[in-house]
């Protein structure tokens, strides 16, 4: 069995067992990400957080929506390609709304059940992460091995769903059925750095993020931090590109002209993996599981009263948690 040595710290290497028959191969013989797509978390600089202004909304609202223990997965993307089954050619993990698939509508989502303890029927989803030293059960399925996504799907050890404020002002309520997209699932094709929002990290290093897969020290596991755009145009719940109706604030938190700050959604995913275990995210086949293709989707299905609880906590500076 061939082994791939990946630098972990200066003078030290982690040996990743990534194949059976050649360089950079997974347990199913498919190409794994190159060593250059991984980075030692200790070499990643700390993130710079903008200082809060006098009118900042400093609160947060956290809700327990589980870890997808019920295995709600498919290769659909109802935000980008409604009605097209298997369009993603990679598998998504879901928490929140238990019914989400390509055929979901506002009406069907509003009538479905949820994994969120507070009754929030919103849908939160992202591509699955896989360990590459084990074969998955979907090796012959769409979104899995048929699309080049080999390996065993990992259920996160924790999923943190949190809505946060704006460092310069109070936030306004999201409209019901607002669609949000973060990241770029076709990053290597579009080649637009402004659309890449991958934040790979390690548990125990909450302020270090990289667009490359993170190599974590003993006792630490990989993390994914999905920050969603939070400057809404005040009019639309969607747009033709699924992005221009809600954009990211500037570096200091300032929303562009004619946009309004809404609660900023952050999803933090943590995984428990044995030290040195190779892993990669699902992607379109042509993206070759590049870590820059990290992305996530959200549809707000909260009731007005549920959304108002979020807004009140954030604007009042309270740290609310519904578990």
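A short reminder: the numbers here are calculations on the coordinates, not readings from a lab. Only a predicted model underlies this, so the values are computations on that prediction, with no experimental measurement involved. Cβ atoms come from the backbone with ideal geometry, glycine included; neighbour counts cover every protein chain shown.
Here are the numbers for the structure shown:
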quantity	calculated
Cα-based helix-to-principal-axis angle, 304-316 vs the chain, degrees rounded to 10	90 degrees
Simple label model, 7 Å out from Cα along Cβ direction - residue 47 to residue 117, nm	2.4 nm
Within the chain, helix-based [θ] at 222 nm, where runs of 4 or more DSSP H residues each add -39,500 (n - 2.57), nearest 500	-2000 deg cm²/dmol
Distance between region 304-323 and region 223-266 - C-alpha centres, whole angstrom	19 Å
Pair residue 218, residue 233: separation of 7 Å Cα→Cβ label points (nm)	5.4 nm
Antiparallel %, DSSP beta bridges [both residues in the chain], to 5	90 percent
GNM flexibility winner over the chain from 80, 159, 48 (Cα, springs under 10 Å)	48
Gain in span if fully extended, residue 155 to residue 190, counting 0.36 nm per residue against the direct Cα distance	9.7 nm
Point-to-point label distance, residue 108-residue 67, nm (Cα→Cβ direction, 7 Å offset)	2.9 nm
Relative contact order %, the chain, counting alpha carbon pairs below 8 Å whose residues are six or more apart	26 percent
FRET efficiency, residue 321 to residue 146 (Cβ-Cβ, R0 41 Å, nearest 0.05)	0.50
Inverse mean reciprocal Cα-Cα distance (Kirkwood Rh) of region 243-316, Å	16.3 Å
